[in-house]
Each structure stands twice: as C-alpha cells, then as structure tokens.
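First comes the structure, then the notes that go with it.
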Amino acid sequence: MSLQRCVEPPVETVWIRMYCLTIRPDFTWMTSTEIQIPFGLLHRLADSHERFLLIDLTLFYLYILKALNSYRSSSQTMHFFNQAFNYDHPWSHVVIGMWHKYPNPKCSHVISIDVLDRSVDPKTGMIRTERVLGCKQKAPTWILKLFGGSEDAFVREISFIDPKTQNAIITSENLSLSQVVTCFEQIRYSPSSESPQRTVFSQTAEIQARMGLWRSAADGLEKWLVQRFEQNAQLGKTAFTDVLGRLWEERQLQSASLSS
Amino acid sequence: MADSLSPECTPLKKEYDACFNAWFEGYLEPAVSASASPQKQAEYSQRKAEEFQQKCGKIWESYRGCVQKALKEKGLDKLLEQSRTENPLTEPPQSSMPPSSSSSS
C-alpha cells in the first residue's frame, strides 16, 4: 500500500460512516465499530487494499442477511387466499371444461399433462383423478444450480369431482424442487348461490419451505459470512491501524521538523 | 389437449382422453340429477363406473403402461412416490385449507 497516497489530504470533503458488523447466531446484528473517514480516503484505501471492508460489499452482505433474517423469523408456512371469482357457466360445464383447459395460448407454460390414475367410486359416484403436469421451468437459474433442479417443473394434481354435492376440488403440489419448497394449491368449483348458471371459483395456496434444507443452507451461508466479516474486520482493523499509525506519526514528525 | 410428457405416449393419451371425455360428458349432468334420490344415485354410479371400465379400460392400460415407463426414464417416479406418501389424498380434503405436510425435514 502506498503510504504517500494515504497521507495526502482528501480532495472530497464528504464524510461517510463505515460500519463493522457483528452477526450473532440468531441472525441479529450489531455495529461494533463506527468509523468516520473522508470519502476520498476510503477510495484510496479501497483501491490499494483489495480485502479492505468495502461499503458496497457490506451493504450486499447486509441485504442477504436481512433477507435470511426475515425469512427465518417469519412463519414457516405462507398462506395465500384468492378472492372468490364467478364464472358465467353452470357447474357441470365448468367441470367438463376443466379437462380441456390446456393447451391454451395464455397458459403456454404448461407443456404436458398425463393422467396417472383415475377412479370412479361406484358407491358415491365421485371421480378421483391424479395427473402430472409438466411446466416450463420458471425458477431462477441460481436456485436450479443451488438445489439441482431439472429443466422442467412437474406438478402433481389430484381432483375430486363429486356430483352429489356439486363440488370439484383440485389440489396441486410441485414435484420438482419439492425437497426445497412445497407449493400446495387448492381450487374449488361449486355452483353459485346467486344463480345456477354461475360457478364460484375459490383458491388457496400454502407454501412451505423445507426448513431442514434451508436451515442447513442458511447455516452454511451464515458461517461463511461470519467468517468473511471477521476476516475482513480483522484485516480492516490491522490495515487501518497501520494507516493511522503512520499518518499521525508522519504528521508528528512533520510538525516536529517545522517547529525545530 | 396438451401432449404427454413423452412423445410416444401422446397418441395413446389422446385416445384415452377422448374416451374419457365422451364418457364424462354423458355422465355428469344425469349424475347431478340422480343425486336427488340416494338409491337412484347408487345404482347410476355403479352402472356408469362399469361402463367406463368397459369402454376405456383397454386404452387406459396401454396408456398407463407407457406413462409409467416415461416417468421412470425422467426420474419422476421417486418424487411421485414421496409426494404420494406425504399427501396420499385418497379422500377429498375436508376443510377449505389444504392439509399440512406430515413430514418435518
């Protein structure tokens, strides 16, 4: 590191605060050191010492930690509920139409459907169908790489059609990436109470992270982050201690030589 | 209808789908009206279930066999098995909220 550059007075007069973060095991964090240094000086220090604790790197880690923290502190399961929606068709038409839903240009992500099982209950008249749907994978690439997902996403769909009660219940859950997260969706079609020519549609979804896998991934990431921070903090401390020592030593010498 | 996950099963799938749809469209509305009387409903269901087996049983066997093979090739059979173990869903869910997964990782 060039000593000369650090001793030069900074050009910019803007001051910034730089925080050293300590991450506790429960993912909360605290600032352990607050350093106010001139912006220009930080630039020079950052240029000259690669592993110095950089502002943008701190913010990046902070962002990741925040995301992980909010994820872990929130409930394990996320629930969604869609408002009921009406189709202007009688229930039987909607249920017959169910089997013709794909392909359609608005849902181009569904590329294959196969029936795995189908049974008609001779006593109740209920029809149970189990299908597997193949969808174009929409997960981000980093998730695929991290958790080894395949190209196509597959969904297992089970439907119960009960003509006795005029209820059709369709549940879907993901097969792909199911070791990581399960998205469990349930749809219900039933005749509208307002008119037999209308059908009510309601939908709920439940997303559950497989905490085991997330936890180990999060733990691994946390450990690595803590190590990095500690390393960087240590390096930063020693580097800066050196800088400060030399800076003020130089100035002392300078002022001593001036006065003598 | 959409294709099958394996192109070689697609023609079988289309034949099976056509068979089911034809049967189903004839089944549903009378089933709703037959529900008015439990005896009628039971008799109707029995008859129709047999009819379905008769009409579509054969194509179902061929189609099913093809799909099972395709699933194995794609490596989906294990995932399917796991999903079936955790959520067999042999009965319709009781409440409007889906049952939570039984396993904890």
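The values are calculated or read from the model by the stated rules, or taken from the named source; none is laboratory data. Treat the numbers as computed from the prediction; the structure is a model and nothing was measured. Backbone-built Cβ (ideal geometry, glycine too); neighbour counts: all protein chains shown.
Yes/no per residue for (1) more than 20 Å from A:Gly134 (Cα to Cα); (2) in contact (Cβ under 8 Å) with a residue 24 or more places away in the chain; (3) charged (D, E, K, R):
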position: B:Ala2; (1), (2), (3): no, no, no
position: B:Leu12; (1), (2), (3): no, yes, no
position: B:Ala31; (1), (2), (3): yes, no, no
position: B:Glu43; (1), (2), (3): yes, no, yes
position: B:Glu50; (1), (2), (3): yes, no, yes
position: B:Gln54; (1), (2), (3): yes, no, no
position: B:Glu61; (1), (2), (3): yes, no, yes
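Out of contact with any Gly (no Cβ under 7 Å at 6 or more places or on another chain) and at pLDDT below 90, is that true of B:Lys48?
For B:Lys48, the condition - out of contact with any Gly (no Cβ under 7 Å at 6 or more places or on another chain) and at pLDDT below 90 - is not met.
Considering only residues that are farther than 16 Å from B:Phe20 by Cβ and assigned to a strand (DSSP E or B), look in region A:109-131 and name the one that is modelled with the highest pLDDT.
Ranking the qualifying residues of region A:109-131, first place goes to A:Ser112.
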